[in-house]
1. Quick check on my filter: what residues within segment 1-48 are over 18 Å from the mean Cα position of the chain (by Cα) and closer than 19 Å to residue 74 by Cβ?
2. In this structure, does residue 83 turn out to be modelled with pLDDT under 90, surrounded by fewer than 14 Cβ atoms within 10 Å (Cβ to Cβ) and either closer than 23 Å to residue 12 by Cα or touching a strand residue (DSSP E or B) at 6+ places or on another chain (Cβ under 6 Å) (or both)?
3. Kindly indicate whether any position in segment 132-139 is touching a helix residue (DSSP H, G or I) at 6+ places or on another chain (Cβ under 9 Å), surrounded by 12 or more Cβ atoms within 10 Å (Cβ to Cβ), at pLDDT below 50 and over 30 Å from residue 44 (Cβ atoms).
4. In the set 12, 7, which member is surrounded by 12 or more Cβ atoms within 10 Å (Cβ to Cβ), at negative phi, out of contact with any strand residue (DSSP E or B) (no Cβ under 8 Å at 6 or more places or on another chain) and free of Cβ contacts under 8 Å to residues at least 60 places away in the same chain?
5. Against the conditions (1) modelled with pLDDT under 90; (2) surrounded by fewer than 12 Cβ atoms within 10 Å (Cβ to Cβ); (3) over 15 Å from the mean Cα position of the chain (by Cα), where does residue 142 fall short? Just the number, please.
């Protein structure tokens, strides 16, 4: 849940304007984020029942898709971000959001190769960040870590 809050904060470092659609998408994203404890509580109460696992995956996927939709709306034709925002930054955020959707949608605590989803996401995110930092010369455009 905290990762989504951090993404939300990072995203709004680059968004300089708002429109009604963006406000609606922001409310939808925050609604999805605030709903995340409910499927986790169901998993805690009912164990790894197939319904709870599917429900949690769907909730995580919807949260990620909400974030992706919001970023796409803001960056398409750079309508809500600064016109000179680097394409690398826009692309990096797309990669982050898509990797979060794929990793968190993939499962619960026994996700892929025995790693916990948070650990796997951290490794993926650090790899993307390292690649980005090695390919940019613009210090002021670096993403906050």
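1. Listed by number, the residues that qualify are 16, 17, 18, 19, 20, 21.
2. yes
3. The answer is yes; a qualifying residue exists.
4. Result: 12 is the single residue among 12, 7 that is surrounded by 12 or more Cβ atoms within 10 Å (Cβ to Cβ), at negative phi, out of contact with any strand residue (DSSP E or B) (no Cβ under 8 Å at 6 or more places or on another chain) and free of Cβ contacts under 8 Å to residues at least 60 places away in the same chain.
5. (2)
Results for (1) out of contact with any strand residue (DSSP E or B) (no Cβ under 8 Å at 6 or more places or on another chain); (2) assigned to a helix (DSSP H, G or I); (3) more than 23 Å from residue 81 (Cα to Cα), shown as yes or no for each residue.
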site: 18; (1), (2), (3): yes, no, no
site: 25; (1), (2), (3): yes, yes, no
site: 29; (1), (2), (3): yes, yes, no
site: 45; (1), (2), (3): yes, yes, yes
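Yes/no per residue for (1) touching a helix residue (DSSP H, G or I) at 6+ places or on another chain (Cβ under 9 Å); (2) within 18 Å of residue 10 (Cα to Cα); (3) modelled with pLDDT of 90 or more:
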residue: 51; (1), (2), (3): yes, no, no
residue: 56; (1), (2), (3): yes, no, no
residue: 62; (1), (2), (3): yes, no, yes
residue: 68; (1), (2), (3): yes, yes, yes
residue: 78; (1), (2), (3): yes, yes, yes
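The values are calculated or read from the model by the stated rules, or taken from the named source; none is laboratory data. On a predicted model such as this, the values are computed, not experimentally measured, just so you know. Glycine gets a Cβ as well: all are built from the backbone with ideal geometry, and neighbour counts include every protein chain shown.
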